[in-house]
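Please treat every number below as a calculation from the coordinates, not as lab data. The structure displayed is predicted, hence computed values, not measured ones. In this analysis, Cβ positions are derived from the backbone assuming ideal geometry, glycine residues included, and neighbour counts consider all displayed protein chains.
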Amino acid sequence: MSGQPLPSLVTRPQRLLREGLLAAAARHPDKVAVIVEGRPYRYRELLVSAQILANRLQAEGVERGDRVAIYMDNTWPCVVSVYAVLLAGGVFMVVNPQTKADKLRYVLSDSEAKVLLTDWHLAGVFSDVVADVASLRALIVSGQRPERAPSAMPVRDFDEVLATETPLQAPVEVVPNDLAALIYTSGSTGDPKGVMQTHQSMVFAAWSLIEYLRLSERDRLMLVLPLAFDYGLYQLLMSVKLGATLVVERSFTFPAKIYQRMHEEAVTVFPAVPTIFAMMAASHRKQPLHFPSVTRITNTAAALPEALLPELREMFPNALIYKMYGLTECKRVSYLEPELVEAKPGSVGKAIPGTEVFLVKESGERAGPGEEGILHVRGPHIMLGYWRKPEQSARMLRPGDLPGERVLCTHDLFRMDEEGFLYFVGRTDDIVKTRGEKVSPIEVENVLQAMEGVQEAAVLGVADAILGQALVALVVPRDGAVLDERRIRKHCLAHLENFMVPQQVFIVEALPKSANGKIDKKRIKAERGWE
């Protein structure tokens with residue numbers, strides 16, 4: 001031994017996702033880490049709470065690499081749960097609280113989740129699911145327990161665990177290429193796919209984002225996006241890695257409350273999607289909004305309409321505006337420097353720091369300036385693959401130029417100008433991107449076709465200036481059945497997340513078919529002028 005002291009938690013490189021919390025709590029334990037619906041929680045409190053819950057997870061049998069599902073709203077328990085799973089050596093999965101029973105059952109069973117962390121107000125969904133998931137050993141639930149509670153397995157109260165149990169003494173040993181998270185996203189087959197992200201890939205992505213967004217520990221980030229959405233999740237991960245402060249709200253359902261919170265907490269970073277910015281612009285036209293503390297606003301999921309830019313500049317007079325493009329399989333692909341928003345209209349910029357992108361034509365050759373091609377991505381941030389789906393993984397992860405290397409094929413069509421700036425052209429697969437979320441038309445069609453009186457259905461994505469794409473359904477009734485849009489949408493709301501419910505439903509006598517008998521969606525779009 002050289003006799004030199006070991007590096008402290010503050011100076012040690014962050015190789016694992018959980019080490020951001022360890023470093024921030026060591027550096028400034030009394031700083032506010034998160035403000036959840038107006039209530040502040042300090043870094044020391046976050047660390048100790050996560051250590052206590054991690055100890056309970058171990059007691060419930062969670063071992064290194066085991067999957068733990070977090071089916072919660074944007075709450076203090078949800079934030080604690082993410083870091084508790086990491087400290088216990090597990091793999092966390094944040095499941096959208098809008099998820100209905102069938103999909104929840106699939107995700108829990110597919111991942112072989114060992115513990116479910118959830119909220120009692122979601123008991124109407126998870127109560128009938130947990131008994132069907134053989135891998136589940138325990139439930140840890142926050143909030144007010146209802147009279148009817150699931151009895152299929154042990155249930156522990158989240159607050160009671162934090163109040164009465166002891167912290168984990170040391171994090172479970174893992175290495176950077178162990179899995180940190182499974183992020184479930186819609187698949188072209190209709191079943192969700194678990195995107196496998198390692199500690200290494202997520203730590204790299206977080207620091208790359210921090211770098212180009214020019215973030216620091218002085219920032220106060222606003223979170224109104226669900227933590228189940230990787231765009232929302234990374235606001236938490238980046239904030240904690242920096243030792244910054246995250247202002248957390250459940251959603252953007254009550255904009256006036258959000259606006260008030262932004263002023264009260266002097267928010268400096270506001271991430272959103274075009275639907276939120278459009279709602280804000282509409283409010284601004286009625287009664288001017290003004291957020292001088294915000295120095296950066298970010299947009300992804302769908303293109304930010306150029307028409308919104310003047311109003312965004314009025315609402316956020318001191319903010320840099322970042323346009324970005326990404327997908328769950330690598331978190332983020334590109335960003336446009338805010339100083340170039342006017343100079344490069346329509347562009348989503350260049351590759352994020354530490355990564356590389358290129359376009360490939362149908363011929364297999366690299367596309368030149370102005371030529372269209374499929375976007376491919378190189379870098380440490382690309383996924384390991386889809387959980388237990390080797391064929392779908394192989395479709396997305398292609399051999400690279402280096403022996404043994406795999407690059408991510410996005411299946412999205414782009415062109416690149418002579419300066420290397422990217423411009424989105426369109427998708428080449430059937431997945432629809434709406435409201436910042438991926439939707440599999442097959443998944444929606446399966447729900448529609450399970451409805452009494454439905455003969456067949458087709459679901460398509462139609463270009464929309466705000467949503468990116470709007471979901472549209474065409475439904476053919478069975479002989480003698482009477483269907484209407486209201487009943488169909490009600491059926492969808494009962495079985496699908498809100499963002500998966502079609503914006504419009506058309507009742508039609510028949511759907512056009514191709515020569516092999518499949519529904520011809522290209523012809524539908526052409527006939528209806530949706531191309």
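Which cross-chain or sequence-distant (5 or more) residues have an amide H under 5 Å from the amide H of Val247, H modelled 1.01 Å from N in plane?
HN-HN under 5 Å from Val247: Ile35, Leu221, Met222, Leu223.
Where does the chain land at 222 nm, in deg cm²/dmol rounded to the nearest 500, when only DSSP H runs of n ≥ 4 count, each adding -39500 (n - 2.57), divided by all residues?
Mean residue ellipticity at 222 nm (helix-derived): -8500 deg cm²/dmol.
Please name whichever of Tyr325, Phe358, Gly404 sits farthest to the positive end of the charge dipole of the chain, dipole taken about the Cα centre and charges placed at Cβ: Lys and Arg +1, Asp and Glu -1.
Tyr325
Fully extended, how many nm does the chain gain between Gln392 and Asp128 (0.36 nm per residue separation, minus their Cα-Cα distance)? Write out the running numbers ahead of the final one.
On the way: separation 264, 0.36 × 264 = 95.04 nm, distance 3.02 nm.
So the chain would gain 92.0 nm between Gln392 and Asp128.
Stokes-Einstein diffusion coefficient for segment 39-197 at 25 °C in a medium of 0.890 mPa s, Rh from the Kirkwood formula over Cα pairs: what value in µm²/s? Please list the in-between numbers first.
Working: Rh = 15.7 Å.
My calculation gives 156 µm²/s for D.
Restricting to the chain, compute how many DSSP beta bridges are antiparallel as a %, nearest 5. Intermediate values should be presented prior to the final figure.
Values: 53 of 91 bridges.
Percent antiparallel among DSSP bridges in the chain is about 60.
I'd like the FRET efficiency for Arg523 and Lys31, computed as 1/(1 + (r/R0)^6) with the beta carbon distance as r and R0 of 56 Å, rounded to 0.05.
0.40
In whole Hz and in residue order, list the ³J(HN,Hα) couplings for segment 212-224 that follow from phi through the Karplus curve 6.51 cos²θ - 1.76 cosθ + 1.60, θ = phi - 60°; x for Gly and Pro.
7, 7, 6, 8, 8, 5, 7, 6, 10, 8, 9, 10, 10
When the dipole is taken about the Cα centre of the chain, and only Lys, Arg (+1) and Asp, Glu (-1) are charged at their Cβ, what size is it in debye, to the nearest 20?
Roughly 440 debye, rounded to the nearest 20.
Can you tell me how much longer the chain between Ser363 and Glu217 gets when fully stretched, taken as 0.36 nm per residue apart minus their C-alpha distance, in nm with one decimal?
Between Ser363 and Glu217, full extension yields 47.8 nm more.
Cβ under 14 Å from Glu264's Cβ, Glu264 left aside: what net charge do those residues give with Lys, Arg +1 and Asp, Glu -1?
The answer is +1.
Is the C-alpha gyration tensor of segment 301-443 telling us rounded, prolate or oblate? Criteria: a/c under 1.5 is rounded; beyond that, a/b larger than b/c is prolate, otherwise oblate.
prolate
Can you give the extra length, in nm with one decimal, that the chain gains between His284 and Thr166 once fully stretched, where that is 0.36 nm per residue apart less the Cα-Cα distance?
Using 0.36 nm per residue and subtracting the Cα-Cα distance, I get 37.5 nm.
Kindly work out what percent of the DSSP beta bridges joining two residues of segment 449-506 are antiparallel, to the nearest 5.
Percent antiparallel among DSSP bridges in segment 449-506 is about 75.
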